[in-house]
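Have a look at the structure below, then the notes.
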Amino acid sequence: MNGIFLFLIVSSTIFAAWTGKMEALTHASFEAAKGAVELAIGLVGVMALWLGLIKVAEEAGLLHSISRRLYPILKRLFPDVPKDHPAMSAMVMNIAANMLGLGNAATPLGIKAMQELEKLNPQKGVATDAMCLFLAINTSNVTLLPLGIIAIRASAGATDPAGVILPTLFATSISTLTAITVASFMRKLKRNVVNTDFSSNNSKSLLLPEADPLPPISSGHKLIVFSVVTVLLALIVHRVIQGPVLPALKEISSFWLIPLLMTGILLLGFSRGIKVYETACEGAKEGFNVAIKIIPFLVMILVAVSMFRSSGAFDVFVATISPLTDLIGFPPEVLPVALIRPLSGSGAFGLASEIIASSPNSFASYLASTLQGSTETTFYVLAVYFGSVGIRKYRYALIPALAADVAGALAALFICKLTY
């Protein structure tokens, strides 16, 4: 990241001086710094809400239960994470939220996972193998429901707004397999850089202690929870029956999932006799601390990216490699979406939205939609997640993440040509 950060700033300055865009460059640097702080402050509320809900889930024993049940599957990927450690369940919940397209919930869950992984870190400030692999999977996560891009396609008048679901699933599957493969290779290559061996007797102190016996559920609590669940299920069925089935299912998948998830967590805590309000407030306090901690990392990376774009260097880079992409049939109007996506999520979303709005049923729109749902804002994710726990040495984390971006873009092109 040191080299990339220096390259973005220096190349932007040189190019802007050559093209006479120094005024735009200066303006972009100040605006990006201001925007980074506003973004971090905007995250405070979201993180406070979801870290509070996670605290309720943790007190109710949900994280412990998830960790125990999924450990046989994940132990091959994360051998350095002890069986009963809450990091395992937090990673699972983050991955699941990303798969469902719940971006607002996924980020706080991912930060929670990083905080738990940092507790296992013997070299503070240096990324562990588990952190590198987790972020590689996070930036390439398999996506089942690309809800945001489906909504854009629907509003633009596409004949089949949800037609990108299967292409996105295919592309993200290839992307995730690439991330895991490259991260595993880099792990072997960089072995012994960070020692996280938990085989010794001292590792017992890192394990999650056996959960305290939960209080018995009273019959009153059971009746209340059962009644609420019954009412919600009846309302879901009623919504599906009431109107056309497909729009109703899209509405439920887009707008019902997060409220239902929140309600489910709180009902679980209530059923276990937990004081859900007080517990949620206690967990929410972490959101404020995390938001302050990530501001420096966000400012630096977003300023560098904004300067690179405003100087015109990014446009020249696109024009330079376009002859190579033309050989594989990559539409030139979609290429900027693929290239800017790892740098700026809002920038890539804006470009994809313009393509979709101008020709919602074209191949370029189809590919741009799949790309938007198949790749991730890699540099933003690394800055936020590592910044939240004070990691300054990323080691090889960037390599599998960028490899996944490339694989996801190529897989998206392949499957879109095959299915369009």
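The values are calculated or read from the model by the stated rules, or taken from the named source; none is laboratory data. Everything quoted here is computed from the prediction, not taken from an experiment. Heads up, the Cβs are rebuilt from the backbone with ideal geometry, glycines too, and the neighbour counts pull from every protein chain shown. With ligands, DNA and RNA removed, areas are computed over all heavy atoms of the protein, side chains included. Shrake-Rupley method; radii C 1.70, N 1.55, O 1.52, S 1.80 Å.
Other residues with beta-carbon under 11 Å from the beta-carbon of Ala412 carry, at +1 per Lys or Arg and -1 per Asp or Glu, a net charge of +1. Computed with every protein chain present, the accessible area of Trp50 is close to 10 Å² [probe 1.4 Å]. So, counting K/R as plus one and D/E as minus one, what does the shell of residues with Cβ under 13 Å around Pro332 add up to? Summing Lys and Arg as +1 and Asp and Glu as -1 gives -3.
If packing is taken as the average count of other Cβ atoms within 10 Å, what order do 401-412, 331-342, 6-17 fall into, highest mean first?
Working: 401-412: 23.9, 331-342: 21.5, 6-17: 16.9.
Highest mean packing first, the order is 401-412, 331-342, 6-17.
Computed from the alpha carbon positions, the gyration tensor of segment 348-418 leads to an equivalent ellipsoid with semi-axes of 30, 15, 6 Å, biggest first.
Sorted by mean Cβ packing within 10 Å, highest first, what order do the peptides 314-324, 380-390 take? The partial results should precede the final answer.
On the way: 314-324: 12.7, 380-390: 22.1.
Answer by packing, highest mean first, reads 380-390, 314-324.
Cross-linked pairs Lys75/Lys393; Lys21/Lys417; Lys34/Lys75; Lys34/Lys275; Lys34/Lys393: Cα-Cα separations exceed 30 Å for Lys21/Lys417; Lys34/Lys75; Lys34/Lys275.
Label reach from Val10 (point 7 Å along Cα→C-beta): in segment 20-51, no amide nitrogen lies under 12 Å.
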